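Working notes, structure below.
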Amino acid sequence: MSAPTIPTVDLEDLRSGDPTRVAAACAAIREAFGTYGLAYVKNHGVDPAAVERTYDGFRRLTEKPLAEKESLARRDDWFQRGWTPPNTEIAVGAGGQPDFKECYFAAPYERDAELSAQYPELYPANVWPDDGDAWAKEYVAMGRALHEAGIELLRGAALALDLPAASFTDVIEGGAHVTRVLHYLALAAEQTNKGIVWGEEHTDFNMLTLLPGGRFVNPEGKPSPKPDDKSGLFLRTRGTPSNPGGVQVRGRPPEGCIVAQIGQELEILTGGRFVATPHVITAPGVPNWTRDSSAHFVHANPNRILYPLPQFLDANARKAYGPPVLAGTYSIKTLVDIGLAPKTAIDKLGYRHYDRLETQRRA
Ligand SMILES: [Fe+2]
């Protein structure tokens, strides 16, 4: 089977206001998100040199002593800010194998005071290394550029589904958007070709993920082309009756493009018209190579309801995506599922004062 062609969405077409160009972008979005769950994005405004500098900064941090990195880990904030150690996050459906990576989380925008009070672990303060001012600046600028591209794409996505342009951008207003930088770890010779992957296959749980593109780094520490054909980002297309498993395709954006992926929240809102993209980061078959990459996660506002919009609500959508759930509740449950939040976080999702009656009865 030949590799499917994933459409490229030109954000300049969406900005142009020219009906023909906007229609072309919408057609690309419908096919990209509807069939593949991902799009290549052109004229996105993300500076590739700034992305490289952000990766260089994180690479320097990963080389620091463990104690220094541990001081930047925020377990009580469910690792939603600062450093995440290796062997922490687990992809749902990965059979319990933690990912072979360390990463960093930071929010590119100021926090809303009320939402931070309601959801403290989803909106912690950013944390930076003592010598990290310049890195923080680059990091936040990269996150904002990715987020802005995401906003333009979400407006296009609404138009592509014949919805008012602000249908999805309204939903993400105030969301706990977060930018992550990742460092995939070197495998020793005896670990290669043993089924260890850098990031297990999963779908993202947010609205939209923007990926500015990763880079391989050779054993001498120099960014280099991929060491073999098996390593890197692979995406799984939607299953069809003749091919229910879908097709795994290498994420290979055209020169200068970034990748946008649909997450579960947007799949739910669209009743499955757009599909969350399963993706996996495979490790190379040769030892001592590493990989740097990054992802910006655009989230629904935690007080929005996740349920198919009226236009997409039929018996199938109700069955697949009901009952309606608050996006904040959904996030907390997912963060428990993937090993970042403790199981006790679930207990807070219902009434937690049953013991009061017991105390009263004893009084
Ligand atoms: Fe992901």
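Computed from the coordinates by the stated procedures, all read-outs in this text should not be read as laboratory data. Here the structure is a predicted model, which is why all the values come from computation and not from measurement. Here the Cβ is made from the backbone with ideal geometry for all residues, glycine too, and neighbour counts use every protein chain on show.
Across every pair of different alpha-carbon atoms, what Kirkwood hydrodynamic radius in Å does segment 37-157 reach? Please report the intermediate quantities before stating the final value.
On the way: mean 1/r = 0.0617 Å⁻¹.
Evaluated over segment 37-157, this radius sits at 16.2 Å.
Measure up Lys137/Lys348; Lys194/Lys226; Lys101/Lys137; Lys64/Lys226; Lys69/Lys137 against 29 Å on the Cα-Cα distance and list the ones that go over.
Lys137/Lys348
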**Request:** Could you give me the radius of gyration and the Dmax of the chain, taking only the C-alpha atoms into account and expressing both in angstrom?
**Result:** 20.7, 74
**Item:** Among Phe100, Tyr307, Phe33 the positive-end extreme of the charge dipole of the chain (Cβ point charges)
**Value:** Tyr307
**Complete:** Karplus-derived 3J(HN,Hα) from phi for segment 344-357 (6.51 cos²θ - 1.76 cosθ + 1.60, θ = phi - 60°), whole Hz, x at Gly and Pro, runs 4, 4, 5, 4, 7, 7, x, 5, 10, 10, 4, 5, 5, 4
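Across the chain, where is the longest run that never hits GluC sites (Glu not before Pro) in a DSSP loop with at most 16 other C-beta atoms within 10 Å? List each step's numbers first, then the result.
On the way: sites that count: Glu63, Glu110, Glu173, Glu220, Glu255.
Between exposed loop sites, the widest span is 256-363.
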**Item:** For Val9, distant residues with modelled amide H under 5 Å away
**Value:** Tyr40, Val41, Lys42
**Message:** Using each residue's phi in segment 125-141, evaluate 6.51 cos²θ - 1.76 cosθ + 1.60 at θ = phi - 60° and report the 3J(HN,Hα) Karplus result to the nearest Hz, with x for Gly and Pro.
**Reply:** 5, 4, 10, 9, x, 3, 9, x, 4, 5, 5, 4, 4, 4, 4, 5, 5
**Complete:** For segment 205-211, Karplus-derived ³J(HN,Hα) couplings (6.51, -1.76, 1.60; θ = phi - 60°; whole Hz; x for glycine and proline) come out as 9, 8, 6, 8, 10, 10, 10
**Request:** Determine which aspartates and glutamates satisfy two conditions relative to Lys42: a Cα distance under 12 Å, and not lying fewer than 8 residues away in the same chain.
**Result:** Asp10, Glu12, Asp13, Glu152, Glu255
**Prompt:** Across the chain, where is the longest run that never hits trypsin sites (Lys or Arg not before Pro) in a DSSP loop with at most 13 other C-beta atoms within 10 Å?
**Reply:** 1-193
